Amino acid sequence: MEQTLLGGMPASGAPDHLTSADPVQWPVATGWKPVVDDFFASAAGQKLLGFLRHRLADGAVIFPPQPLRALALTPPEQVRVVILGQDPYHGRGQAEGLAFSVAPGVPLPPSLRNIFKELQRDLGTPPPKFPVPGGSLVRWATHGVLLLNTCLTVEEGRPASHAGQGWEVLTDSVIRQVVAGDHPVLFMLWGAHAQAKRPLIDARRDAGHKVLLANHPSPLSALPPAAAVYRLRTFFAGAPMARPGSATRAGPCQWPKLIACTSLGVVHPVL
């Protein structure tokens, strides 16, 4: 089982990188187990595990230590918002298995700094205190926000190094399960890799799901010329299931204030 302190900070001495390619060591919430087990039993899942074992044997440093942590902290029945990114942070001590999140005390990566800057511009919400909670988005994850990357591992200093190795098959299945659920969900797709998942959501738009497309918050894509940058303050006006404290068929949503707000970059709301 994953070793963490309160709030999701890695326990002292716990590795900050992957140590084995054994899914048994990557716990997930009960509701995700069938889709995860089916994936790792499949040819695609076995190919991915073989790739990870080979790279580990070659001495590659792979992040994060718990690739499925998002599926451990946010059970499918609690998902109300999906924030979809690309792949984990590729610097030492950064990736912790939740898209865009870092453990308390870890310096904020540029993408996360941009997210907090946008929240402050739109809502006047000050950046979180450092070092605790710092850049930890664990509270979002435990309040129904699935922080999922399209690819769930990466090698040190090599962004997108594990893209196309099989994780996308699993994350497709995760999104299909969310889309097939019994309540509306807001999907925030940040970047081209995330937006490639849109057809999976469009297949069930009759279920009341909402989709928001935006640039990835990385400085390489989040700051195009000013005329092309649009901040979004009112998207949730059309999505009552996502307002903090609003009632849904699954019960009241207890969102962190930060989530009911905004996105970054060139925004194309799909209502």
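Of all positions in the range 148-155, at least one carries a residue that is over 23 Å from Leu200 (Cβ atoms), in contact (Cβ under 8 Å) with a residue 24 or more places away in the chain and out of contact with any Gly (no Cβ under 9 Å at 6 or more places or on another chain). At least 3 residues being modelled with pLDDT of 95 or more and within 23 Å of Trp190 (Cα to Cα) is the threshold, and among the helices (runs of 4 or more DSSP H) wholly inside the range 9-99 those reaching it are 69-73. Among the residues making up the range 92-128, those that are surrounded by 20 or more Cβ atoms within 10 Å (Cβ to Cβ) and polar (S, T, N, Q) are Gln94, Ser101, Ser111, Asn114.
Please indicate, with yes or no, whether at least one residue in the range 175-195 is in contact with a His (Cβ under 6 Å, 6 or more places away or on another chain) and either without any contact (Cβ under 8 Å) to a residue 40 or more places away in the chain or closer than 23 Å to Ala44 by Cβ (or both). Yes, because at least one residue in the range 175-195 is in contact with a His (Cβ under 6 Å, 6 or more places away or on another chain) and either without any contact (Cβ under 8 Å) to a residue 40 or more places away in the chain or closer than 23 Å to Ala44 by Cβ (or both).
The values are calculated or read from the model by the stated rules, or taken from the named source; none is laboratory data. Quantities reported herein were computed from a predicted structural model and do not represent experimental measurements. Every residue, glycine as well, gets a Cβ built from its backbone with ideal geometry; the counts of neighbours run over all protein chains shown.
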